[in-house]
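Worksheet: one structure, shown below.
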Amino acid sequence: MKGTFNLKITAVVFAASLFASALPAASAKTPSPVVLKLPGGSQGIGFDDLQYSSILKMVLAPAAQTGDLDLIAPGSLKISTISGFSREKSFKGGHGEGITSVSENGRFLFVTDRTTRLLNVVNESTRKVVASVNLGGGPDYVRWVAPTHEIWVTEPGRSGIEIFKLPSGANPVPVHSGFIHVEGGPEALCIDATRNRAYTNLWSNKTLAINLKTRKVVARWPNGNAGSRGLALDSARGFLFVGGKNGRAVVLDVNHGGKILSSLKSGLGVDIIDYDPALRHLYLPGARSATMAVIGVSSKGSLTLLKVLPTVKGAHSVVAAPDGKVFVCDPRQGALLVYKDTLPKA
């Protein structure tokens, strides 16, 4: 399917204080976040994978059943909306419809749609779709793999990762080039170009390391999480963070056989996590506990709980942007909660 995306700019007006919002008042030491409502989200949005683009300098928020990919400037909170994906009339709860994951390579955005089961390619300059291809199963995560010029898409229903080569040209149509079977998964996907690896979880207690070129599983590491969920990476220090649905964060040392260096528990219903390498802070949102733990990571991989922030029920995904901005999803309001992390660098 090919089509043209309409570009809309929404100016977000907010109070002089960054933390003024419609959320219940918090203590002076725990300011409330800005509530950034997204276009078309009045009935709710089935958020899942949030990303930050260091190239576009934007937060990328696939807005599920609204049919929009929202790009948010972290400083001004202005929203650029790329429209044209599949739409649903109402929010059904969860995140099983519409576009839910995005990745990029500097020229194109790669967007997966759970309703149409399409992998869409969007030109970053024109913000128009230039190609699309059918997926073999329902998509979860999509990630660009720079060392091999490939797009990897996790498909949990098929217990594996579908791989596409990206041809050269202005309108490249991804070409299916392989499938990696992951029995008992895959959940989450993290690319480590420095070490030529991808990391993904099994549903319970295991994290896999996959060679990007051979596509073979080269390591299986116990991660201490009965319900393995999100992944984040400190590439420079070789720390891989694993979040578990029971609220446990675990640090694996990828330079030394996946050794568990530390763990810490906070909240319940953890899914997608993220890490700020500048602050050395790990963010652990709990959808059931309506909290987000801000965790410091030492030079030896030890975790320290710095603060627990109130969020909302269902807030299960997070992305860190520069200057301490942290965006957490609020599915029921169809909004992003924007926090300012002013805690000291770990």
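The values are calculated or read from the model by the stated rules, or taken from the named source; none is laboratory data. Computed from a predicted structure; not experimentally measured. Neighbour counts are summed over all protein chains in view; Cβ atoms, including those assigned to glycine, are modelled from backbone coordinates with ideal geometry. Accessible surface is based on the protein model in full, side chains and every heavy atom, while ligands, DNA and RNA are left aside. Shrake-Rupley method; radii C 1.70, N 1.55, O 1.52, S 1.80 Å.
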- Query: Which is surrounded by 24 or more Cβ atoms within 10 Å (Cβ to Cβ), closer than 22 Å to Q51 by Cα and in contact with a Phe, Trp or Tyr (Cβ under 8 Å, 6 or more places away or on another chain), of T200, T207?
  - Reply: T207
- Message: Could you go through the stretch 300-311 and let me know if any residue there is modelled with pLDDT of 95 or more, more than 15 Å from Y339 (Cβ to Cβ) and polar (S, T, N, Q).
- Response: yes
- Query: So S228 clears everything in (1) in contact (Cβ under 8 Å) with a residue 40 or more places away in the chain; (2) within 20 Å of the chain's Cα centre (by Cα); (3) open to solvent by 10 Å² or more (accessible area, probe 1.4 Å) except one condition, right? Which one?
  - Reply: (3)
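Name the residue, out of V326, V297, that is in contact with a Phe, Trp or Tyr (Cβ under 8 Å, 6 or more places away or on another chain), farther than 25 Å from R220 by Cα and not charged (D, E, K, R). Give the derivation first.
Values: V297 fails: farther than 25 Å from R220 by Cα.
Going through V326, V297 in turn, just one is in contact with a Phe, Trp or Tyr (Cβ under 8 Å, 6 or more places away or on another chain), farther than 25 Å from R220 by Cα and not charged (D, E, K, R): V326.
Let's see how each residue does on (1) more than 27 Å from G138 (Cα to Cα); (2) open to solvent by less than 50 Å² (accessible area, probe 1.4 Å); (3) aliphatic (A, V, I, L, M); (4) not in a strand (DSSP E or B):
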residue	(1), (2), (3), (4)
G41	no, yes, no, yes
F47	no, yes, no, yes
Y52	no, no, no, no
K92	no, no, no, yes
H95	no, no, no, yes
L109	no, yes, yes, no
- Task: Could you pull out the residue among V145, V59 that is at pLDDT 95 or above, closer than 25 Å to P167 by Cα and open to solvent by less than 10 Å² (accessible area, probe 1.4 Å)?
- Result: V145
- Looking at (1) open to solvent by less than 40 Å² (accessible area, probe 1.4 Å); (2) farther than 23 Å from R197 by Cα, which is the one condition that is false for L268? (1)
- Message: Kindly evaluate L119 against the criterion of being among the hydrophobic types (A, V, I, L, M, F, W, C), in contact with a strand residue (DSSP E or B) (Cβ under 7 Å, 6 or more places away or on another chain), within 20 Å of L336 (Cβ to Cβ) and in a strand (DSSP E or B).
- Response: no
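Any chance you could count how many residues in the stretch 236-263 are of a type in the set (A, V, I, L, M), more than 21 Å from G314 (Cα to Cα) and either open to solvent by less than 30 Å² (accessible area, probe 1.4 Å) or in contact with a helix residue (DSSP H, G or I) (Cβ under 7 Å, 6 or more places away or on another chain) (or both)? I'd like the intermediate steps shown before the answer.
Step one: filter the stretch 236-263 for residues of a type in the set (A, V, I, L, M), giving 236, 240, 242, 249-252, 254, 260-261.
Pick out the ones that are also more than 21 Å from G314 (Cα to Cα) and you get 236, 240, 250-252, 254, 260-261.
Applying the additional criterion that residues be either open to solvent by less than 30 Å² (accessible area, probe 1.4 Å) or in contact with a helix residue (DSSP H, G or I) (Cβ under 7 Å, 6 or more places away or on another chain) (or both) yields 240, 250-252, 254.
Matching residues across the stretch 236-263 total 5.
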- A188 vs. criteria within 18 Å of the chain's Cα centre (by Cα), over 20 Å from S159 (Cα atoms) and hydrophobic (A, V, I, L, M, F, W, C): no
- Item | Test: V326 is surrounded by fewer than 24 Cβ atoms within 10 Å (Cβ to Cβ) and in contact (Cβ under 8 Å) with a residue 12 or more places away in the chain | no
